[in-house]
Structures are given as structure tokens and as C-alpha cells.
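Since the structure comes first, as C-alpha cells, the remarks are kept for the end.
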Amino acid sequence: TKAKCRPGQEVVIGGWKTTAGKFRSLMVGVYKGEHLVYAGIVGTGYGAGTLKRIMPELKAAGASKSPFSGKSAPLGGKDVRWLKPELVAEIEYAGWTGDGMVRQASFKGLRKDKPASEVETETSRTDTPDRDKNADAEMSEPMVRKDSRATQGSSRWASSATVTVLGIAITKPDKVLWPGAGDGAPVTKRDLAAYFEAVGEWLLPHIEGRPCSILRAPDGINGEKFFQRHVMPGMSKVLEEVRVSDDHKPYLQVGSTEGLIAIAQTAGLELHPWNCAPGKVDVPGRLVFDLDPAPDVDFADVIKAAKEMRARLDAVGLTGFCKTTGGKGLHVVTPLSYALRDAVTWKEAKAFAQKVCSQMTADSPNRYLVNMSKSQRSRKIFLDYLRNDRKSTAVAPLSPRARAGATVSMPITWSQVKAGLHTTRFTVRTAPALIKRGNAWDGYDDAAASLKAAIKKLAL
Ligand code: ATP
Ligand code: MN
């Protein structure tokens with residue numbers, strides 16, 4: 001049989017072997033649940049340049065004990081150095097041996113864009129007793145035929161077979177991202193992709209053309225989370241990158257429903273766009289007033305605050321739209337006209353937002369505050385105007401939240417902003433139908449008004 005060399009397998013580096021003190025090979029594994037299971041050595045692919053690049057990373061990840069667990073875990077010795085299981089390597093290999101080790105594996109590079117905890121076996125390695133019987137067939141067949149696995153409908157693989165949504169591959173579709181959505185049933189990666197597909201046309205207008213940070217949670221909302229602003233190597237082609245003048249690294253941008261699904265594939269749960277005009281990072285495109293209640297504030301008071309904010313904006317010619325945050329507060333958003341004659345700087349926009357919040361606080365000092373000092377916060381609503389700066393973000397309308405209950409930041413009508421508004425009702429499960437048949441934020445684009453004019457009116 002011909003040995004097939006396939007690229008693309010990712011493995012976690014758990015240690016390395018030396019000969020006479022010099023680097024010889026990497027010891028790698030893949031996750032099965034919580035356990036890093038040993039998958040053998042990667043013996044080739046180390047040019048001098050490669051070694052120079054990876055050596056500092058290996059040294060930095062040094063550990064005193066083995067990260068591998070289970071029966072197959074290798075023994076240590078004077079030629080073995082252990083690592084914390086945090087580096088991910090991409091390898092090429094010829095197949096798996098009967099006892100679950102990679103064959104003829106060669107090193108292709110480090111995958112810095114990928115947390116080690118995401119690396120699980122993508123192949124037919126299992127702990128089932130028939131493994132040895134299958135071993136020969138597995139070795140001569142390409143095993144990472146994700147889509148064919150799905151169509152074969154083998155029940156053994158049904159739960160991990162890749163699915164596609166709008167042509168974008170979703171690996172590990174049954175990975176649980178939220179334990180529940182208020183209905184006791186887990187929300188999986190596949191569910192998230194389907195959610196983005198359903199709400200894409202309402203969500204995209206608020207994020208396209210602007211840098212957009214992503215909150216990723218590869219192990220679900222109770223695992224490690226990280227906020228990603230920049231593009232990463234190996235990122236899906238359907239995602240965009242955007243350069244901004246004072247950062248040499250390009251920022252991530254999402255411009256299509258396919259892009260949203262690619263975000264779901266990377267376990268991107270929250271979308272946090274800039275508030276600039278599309279395609280113009282230096283031009284304010286909307287203002288977001290973030291009403292942050294202290295824990296002891298009644299939600300009825302948050303509702304009152306949102307209405308007051310709306311009235312204050314209205315008084316200077318701006319139209320406010322309200323959304324839940326998926327968390328504890330509300331956001332009032334006002335679209336701005338960015339025609340040249342209305343253009344203002346971010347500095348002016350932020351000063352305006354601060355002034356509106358300060359006036360509101362001055363009129364009701366017992367209810368609101370504009371400074372974040374914790375000691376003063378109790379029983380009050382913090383009026384956070386700081387979302388309104390060039391690089392500041394706010395969670396996007398219809399973005400899910402990486403919080404219990406799979407809530408989303410839901411656009412609502414002002415008639416919904418009243419007693420009985422239960423923000424936890426809006427989830428990745430309920431929001432698609434609600435946004436389709438509702439009329440929240442209708443007229444948003446047409447409501448865009450001149451901030452320049454508003455600044456003048458506020459000064460009067
Ligand atoms: P809540 O109603 O619970 O306050 P929220 O979305 O307003 O929900 P905040 O904690 O007030 O949440 O955060 C305000 C904004 O700060 C977020 O919408 C987000 O865009 C930004 N933000 C949150 N986390 C980060 C982070 N790790 N790095 C940078 N910006 C963040
Ligand atoms: Mn908030």
C-alpha cells in the first residue's frame with residue numbers, strides 16, 4: 001500500500017527528546033476530553049532555521065512533569081524534557097499505527113492561532129476494542145476525510161463528523177458552547193453557526209466595514225476565553241482584514257454571513273465592532289450609551305434611564321434605539337450621518353457623549369454617575385460614555401454573549417422598554433424568530449442624524 005502524507009493534522013507538543021543534549025524530536029499528543037493522550041514522536045522537519053525559531057518557545061513552556069496521561073503515556077528520562085501542553089504543532093504524517101501513534105510524522109510549524117485545548121484527534125483513533133482490526137485499513141486510507149465521514153453516516157462518527165453551513169466547514173459541531181439557553185438543552189457549535197446563518201442579514205449591517213473583535217471560548221463559556229482583535233495566521237479566507245493607521249497588525253473584520261459562520265467555527269461567541277462609519281475608521285458612525293447598573297439597582301430604573309437617554313438625544317435631534325446587552329444593562333444607540341458636511345472627530349464625539357451623560361448625572365445625582373470609582377457605584381447606574389472612541393467597542397446587535405443562558409444583545413422597540421421586559425428571554429434559540437417577525441430598529445439607517453448639529457444644540 002502507498003503511504004499517504006496528509007498535511008493539516010494538529011497536535012499538542014508535550015515534550016521533546018534530546019540526544020547528547022541536542023534537540024532530536026518532539027513528543028506530541030491529542031486531547032481526549034481532559035486527557036492529553038500520547039501520539040508519538042515527530043522526528044523530521046527540523047531545519048536549522050526552524051529549530052532556532054521553536055527553541056525559545058520550547059524553553060518558555062518547560063515543565064517539571066509530564067502532561068500526558070493514560071496507559072500510553074511515555075516515561076521520562078534524562079533525554080526527555082517535559083512541556084506545559086500549550087504549544088500546537090502542525091504536522092504531516094503517513095497514518096496511525098495500531099496503537100495510536102503517528103507514523104512518519106514531520107514537523108510543519110507552530111500554530112499560534114490555536115489554543116492547545118482545541119486539539120482533539122481528527123482521525124479514526126478510538127479506544128474501542130475493534131481498533132486493531134481496523135488498523136490496517138486505516139493506515140492505507142486517508143483518514144481525515146471529514147465530509148465523507150459525515151455522508152457515510154457511521155454512528156461511531158456521527159457525533160464528531162464535520163458539517164458545513166453555507167459551505168463553511170464546522171468541525172466538532174456537537175461541541176457544547178453553552179450548557180443551556182434557558183431551556184436546559186446545550187447550545188453547540190453547530191447551533192451557533194445556524195444562529196448566525198439565521199440572523200446574518202440583520203446583524204451584518206452593524207459590523208461590516210468596521211474592525212470587529214471576537215470573544216472566543218473554544219471550550220465553551222465556562223472554559224478559557226480570549227478577546228481577539230487582530231487577524232491570525234491560518235484564518236478563514238472568508239474573513240477580512242483591515243489596516244488602521246496606528247497599528248502595524250491588521251484587524252479582523254466580518255463582511256458576510258459566511259464570515260459569521262467562520263467565526264462560529266473558531267468558537268467566536270461575541271462580536272464587538274468599532275463604532276465608526278463603515279470603511280472609515282476615523283469617522284464616528286454611531287454613539288453607544290452603555291447603561292451599567294450596580295448589582296443592587298432595580299431593572300425598572302435601568303428602563304427609566306434608557307428612556308431618559310432617548311429623550312435627551314431626541315432634544316438635540318438624534319434618534320435613540322434600544323437593545324438589551326444580553327447581560328445586566330441596556331444600550332442606547334444613535335446612528336450618525338457621516339456625510340462630509342456632518343463630519344466630526346472622535347474627540348468631539350466622545351466629548352458630546354460625556355456631556356450628555358454628565359448633564360443627566362447632574363440632574364439626578366442619586367441615580368446616575370459618570371465616574372467608574374467603585375465606592376460610589378452602589379445603587380446607581382453608571383453611564384458609560386467611553387464606548388464612543390475610535391478604538392472602543394460595544395457588543396453588536398444580535399451578538400450572542402458568552403454568558404449563562406446563551407443570551408443575545410437584542411434590538412427592541414421603545415414600546416418594549418417597559419415593566420415586564422425580561423432580557424434573558426432573548427437567546428440564540430429565540431432571537432431568530434423574534435427578529436424576523438418584529439420591527440425593532442426599523443428605520444435605523446434613515447434615522448442617522450448630524451452629530452455636528454447636535455453638538456451645537458447641546459451647547460445652547
Ligand atoms: P452589561 O449589560 O452586562 O454591562 P455590556 O456589553 O455593556 O453588558 P460591559 O462589561 O459593560 O458589557 O462592557 C462594555 C463593553 O466593553 C463591551 O460591550 C465590549 O465591547 C467591551 N469589552 C468587554 N470585554 C472586553 C475585553 N476583554 N476587551 C476589550 N473590550 C471589552
Ligand atoms: Mn454595560
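The values are calculated or read from the model by the stated rules, or taken from the named source; none is laboratory data. No experiment lies behind these values; they were computed from the predicted model shown. Virtual Cβ from ideal backbone geometry, glycine too; neighbours counted across all protein chains shown.
Worth pointing out:
- Strands (runs of 3 or more DSSP E) (entirely within the stretch 1-92) containing at least 2 residues that are in contact with a His (Cβ under 6 Å, 6 or more places away or on another chain) and without any contact (Cβ under 8 Å) to a residue 24 or more places away in the chain: none
- GLY209 away from ligand 1 (no atom under 16 Å from the Cβ), touching a residue at least 60 places away in the same chain (Cβ under 8 Å) and under 29 Å from ALA343 (Cα atoms): yes
- Taking residues in the stretch 182-198 that are over 13 Å from THR427 (Cβ atoms), and partners anywhere that are crowded, with 18+ Cβ neighbours inside 10 Å and of a type in the set (Gly, Ala, Ser), the pairs with Cβ atoms closer than 6 Å and at least 6 places apart or on different chains are ALA193/ALA264; PHE196/ALA264.
- Any hit, the stretch 215-225, residues being buried (at least 16 other Cβ atoms within 10 Å of the Cβ) and of a type in the set (S, T, N, Q): no
- Single residue of the stretch 329-358 satisfying the filter (more than 11 Å from ASP389 (Cα to Cα) and in contact with a Cys (Cβ under 9 Å, 6 or more places away or on another chain)) that is farthest from ligand 1 (Cβ to nearest atom): TYR338
- From the options ALA362, ALA404, ALA433, residue that is modelled with pLDDT of 95 or more and either touching a Gly at 6+ places or on another chain (Cβ under 7 Å) or within 13 Å of ligand 1 (Cβ to nearest atom) (or both): ALA404
- Test: VAL42 is under 27 Å from LYS175 (Cα atoms), modelled with pLDDT of 90 or more and buried (at least 19 other Cβ atoms within 10 Å of the Cβ): no
- Test for ARG190: is it away from ligand 1 (no atom under 16 Å from the Cβ) and modelled with pLDDT under 95: no
- Among the conditions (1) without any contact (Cβ under 8 Å) to a residue 40 or more places away in the chain; (2) not in a helix (DSSP H, G or I), the only one that ALA311 does not satisfy is (2).
- Among residues of the stretch 291-306 that are more than 12 Å from ligand 1 (Cβ to nearest atom), those with a beta-carbon under 7 Å from a residue that is not in a strand (DSSP E or B) at least six positions away or on a different chain give the pairs ASP296/SER378; ASP296/ARG379; ALA300/ALA419; ASP301/ARG367; ILE303/VAL417; ILE303/LYS418; ILE303/LEU421.
- Cβ-Cβ under 7 Å pairs, at least 6 apart or on other chains, the stretch 251-275 side touching a residue at least 60 places away in the same chain (Cβ under 8 Å) and on the phi > 0 side of the Ramachandran plot, far side away from ligand 1 (no atom under 13 Å from the Cβ) and of a type in the set (D, E, K, R): ALA267/LYS189
- The residues in the stretch 276-318 that are touching a Pro at 6+ places or on another chain (Cβ under 7 Å) and either within 13 Å of ligand 2 (Cβ to nearest atom) or among the hydroxyl-bearing types (Ser, Thr, Tyr) (or both) can be counted, and the count is 1.
- The strands (runs of 3 or more DSSP E) falling completely within the stretch 192-301 that include 1 or more residues that are over 21 Å from THR325 (Cα atoms) map to 240-242, 251-253, 280-284.
- Subset of the stretch 221-239 that is under 13 Å from the mean Cα position of the chain (by Cα) and not hydrophobic (A, V, I, L, M, F, W, C) - its residue that is nearest to LEU177 (Cα to Cα): GLY223
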